[in-house]
Amino acid sequence: MTFLFIWPLALCVIPCGILLLIPPLPGPSLISSLLWNTGAAAVTVSSLLRGVFEIAGNSSVYQQVLMNAGGFLLAAGLVMYSAGVIALYKLHHSSQE
């Protein structure tokens, strides 16, 4: 819980910085952005819950379920973004021929 700030930093700020620094990369679509941000929020809350449960000396299965759901949402957002970039690349190169 001490390093709780790292999840939003690593999952939200750094990818946005990379997208801003590499101009040819298109921005994410609405659905991929929503999936990614929801996954980042789920992972952050799961980490917070883990810290609270450790302090209380308790445990819960919901924390692990939330972490898995967050990972799934992050993966789905990445797949959606990658599919959009590939489709845009194919569209751009097919129109040049």
Margin query: Can you find, within the range 68-97, the residue that is modelled with the lowest pLDDT among those that are surrounded by 11 or more Cβ atoms within 10 Å (Cβ to Cβ) and among the hydroxyl-bearing types (Ser, Thr, Tyr)?
Written below: TYR89
Next item on the list: Looking at (1) in contact with a Leu (Cβ under 8 Å, 6 or more places away or on another chain); (2) without any contact (Cβ under 8 Å) to a residue 24 or more places away in the chain, find the lone condition where LEU20 falls short.
Entry: (1)
Check: Considering only residues of the range 1-17 that are without any contact (Cβ under 8 Å) to a residue 24 or more places away in the chain and closer than 16 Å to ALA75 by Cβ, which is surrounded by the fewest Cβ atoms within 10 Å (Cβ to Cβ)?
Finding: ALA10
Check: Which of the residues belonging to the range 54-67 are loosely packed, with under 13 Cβ neighbours inside 10 Å and modelled with pLDDT of 95 or more?
Finding: VAL65
Notebook entry, point to check: Tell me, which residue of the range 21-43 that is among the polar types (S, T, N, Q) and more than 16 Å from VAL85 (Cβ to Cβ) is farthest from the chain's Cα centre (by Cα)?
Noted result: THR38
Next item on the list: Answer yes if at least one residue in the range 33-51 is within 30 Å of HIS92 (Cβ to Cβ), in contact with a helix residue (DSSP H, G or I) (Cβ under 6 Å, 6 or more places away or on another chain) and in contact (Cβ under 8 Å) with a residue 40 or more places away in the chain, and no otherwise.
Entry: yes
Checklist line | Of the criteria (1) of a type in the set (Gly, Ala, Ser); (2) out of contact with any Gly (no Cβ under 8 Å at 6 or more places or on another chain); (3) in a helix (DSSP H, G or I), which one SER33 fails | finding: (2)
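The values are calculated or read from the model by the stated rules, or taken from the named source; none is laboratory data. Because the structure is a prediction, the values reported are computed rather than measured. All Cβ positions, glycine included, derive from the backbone under ideal geometry; neighbour counts span all protein chains shown.
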